[in-house]
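One structure is given here, and the rest of the page talks about it.
Here, each number is a calculation from the coordinates, and none is a lab measurement. Computed from a predicted structure; not experimentally measured. Backbone-built Cβ (ideal geometry, glycine too); neighbour counts: all protein chains shown.
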Amino acid sequence: MTHRQPIARLPRPAMLSTALVCWLAVAAAAEDVVILGRPSKNDARTRVAGEVLDFTGRGLRLRVAGGREVEYPAMQVLRVETNRIPQQAEGDKLYSQDEFAAAEDKYRAALAHEERAWVRRELLAASARCQRELGNWPAAARLLAGLVASDPDTWYLDVAPLAWEPARNAGSEKTIEETVAADMQAATSEWLVADKPPALQLIAASWHLDGARQQDAVAMLNRLAQTPAGPATLLASLQVYRLHFSALSPQVLDGLQARLESLAMPMSAGGWLLVGRGASRLQLYDRAALAWLRIAALYPEQRNLAARGMLAAADALAAADHQDEAIRLCQRVAAEYARLDAAGDAKARLAALRAKEEAPP
């Protein structure tokens, strides 16, 4: 189900679970609380109570005491506290346990009962995140397309299935980009045109940057990066740096890192993959490791990307002859991401590192 279909009517209370009936009673009387501030600053934060009428990529509309409506720019909204359907909380718990398929089942169940448009978009984003973590990137893209149809300026681009690495990799291990490149190029081909929403253009350009339509992708990214500030614009400005890797310099790398540090937003996680790859290419292995480790530290909800960054950091530490640190990092990945494919990769690296330690000089 997508939010573009008619919203399902709530079943009669007698047919609902006890938990859902309780939620409905509490939700009817509760107020929403909006926390305002600036994500990159440590300024004091403001809490405003009322009823959230809508929340899009442009802003949040709130009805406060007395019936007056006020609006806040999306960039100022740090968090919204509201009563959510129990299945959504259950989905969040399952997601934190890396049970992505079960989590999405809960989000879809919540979507069947949730009537608030802005929370429905939140649930669609959660489902897209699950599909991406499951490796079903075309499905994630389709869910995001449904979300964008309701909110073209959505800030939920942290769940967007973007390519950050080359589709053709010189290493022995296949990257995610190599594995799904053909499917994603086919799924997004029709989005690489001028009349599509910026978010969809961004996804398409990221995947076609290493394909037959590279010229179209480059033009699209450059155009997006120069449009008025918005989430797609910010991500396009990061994707453009992929074009500089054939002639990478420390100055270009410094510019990319400064850009990332100024953004400090959930959607910037993939950019740290670029910083790490660039630093490694320049044989700045300690800097590469720190960049890759930032993903897990700053964006822990992006589970596969975080594990991928930690493994890359272990490789960089090993290249810098920090074998003990590399071993400890692989042990962490094997333990903390035990349900993900990354755990198997970590164990393979551990075996190789230990064999190297035990080899005669």
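A few remarks follow.
- For the pair residue 262 and residue 112, a Förster radius of 45 Å applied to the C-beta separation gives a FRET efficiency near 0.65, rounded to the nearest 0.05.
- Under 5 Å from the amide H of residue 84 lies no amide H of any residue 5 or more positions distant or on a separate chain, with H modelled from the backbone and absent for Pro and chain starts.
- For region 314-330, putting each phi into the Karplus relation 6.51 cos²θ - 1.76 cosθ + 1.60 with θ = phi - 60° gives couplings of 4, 4, 5, 5, 5, 5, 8, 6, 9, 5, 4, 5, 5, 5, 4, 5, 5 Hz, in residue order, rounded to whole numbers and with x for Gly and Pro.
- Subtracting the Cα-Cα distance of residue 72 and residue 92 from 0.36 nm times their residue separation leaves 4.5 nm of extension gain.
- A dipole drawn for region 166-358 from +1 and -1 charges on Cβ atoms has a positive end, and of 214, 262, 316 the residue lying farthest that way is 262.
- Candidates 241, 72, 95: whichever shows maximal mean-square fluctuation once the chain is modelled as a Gaussian network with Cα springs under 10 Å: 72
- Measuring nothing but how far apart in sequence close Cα pairs (under 8 Å, 6+ apart) lie, relative to its length, the chain scores a relative contact order of 10 percent.
- Under 5 Å between amide hydrogens, built in the peptide plane, is the criterion, and for residue 78 it picks out 35, 36, 37 among residues at least 5 positions away or on other chains.
- On the beta carbon distance between residue 341 and residue 286, with R0 = 30 Å, the FRET formula returns roughly 0.65.
- Region 135-146 - phi-based ³J(HN,Hα) in whole Hz, Karplus 6.51/-1.76/1.60, Gly and Pro as x: x, 8, 5, x, 5, 4, 5, 5, 5, 5, 4, x
- Taking 0.36 nm per residue of separation and subtracting the Cα-Cα distance, full extension of the segment from residue 227 to residue 358 would add 41.6 nm.
- 19 Å cut-off, amide nitrogen to a point 7 angstrom out along residue 30 Cα→Cβ, residues in region 65-89: 65, 78-89
- Based on the reciprocal of the average 1/r between different C-alpha atoms, the Kirkwood radius for region 166-358 equals 17.5 Å.
- Summing Cβ point charges (Lys, Arg +1; Asp, Glu -1) relative to the Cα centre of the chain gives a dipole of roughly 480 debye.
- C-alpha center-to-center spacing [region 125-148, region 301-359] in angstrom: 28
- Among 110, 30, 313: highest mean-square fluctuation, GNM of the chain, C-alpha pairs under 10 Å: 30
- Across region 84-92, coupling constants 3J(HN,Hα) worked out from phi with the 6.51/-1.76/1.60 Karplus curve, θ = phi - 60°, read 10, 4, x, 4, 5, 5, 5, x, 4 Hz, and Gly and Pro carry x.
- Maximal additional length on extending the residue 247-residue 319 stretch stands at 23.7 nm, based on 0.36 nm per residue less the C-alpha distance.
- Amide H contacts of residue 53 (H built 1.01 Å from N, in plane; Pro and chain starts excluded): 61, 62, 63 sit under 5 Å, all sequence-distant by 5 or more or on other chains.
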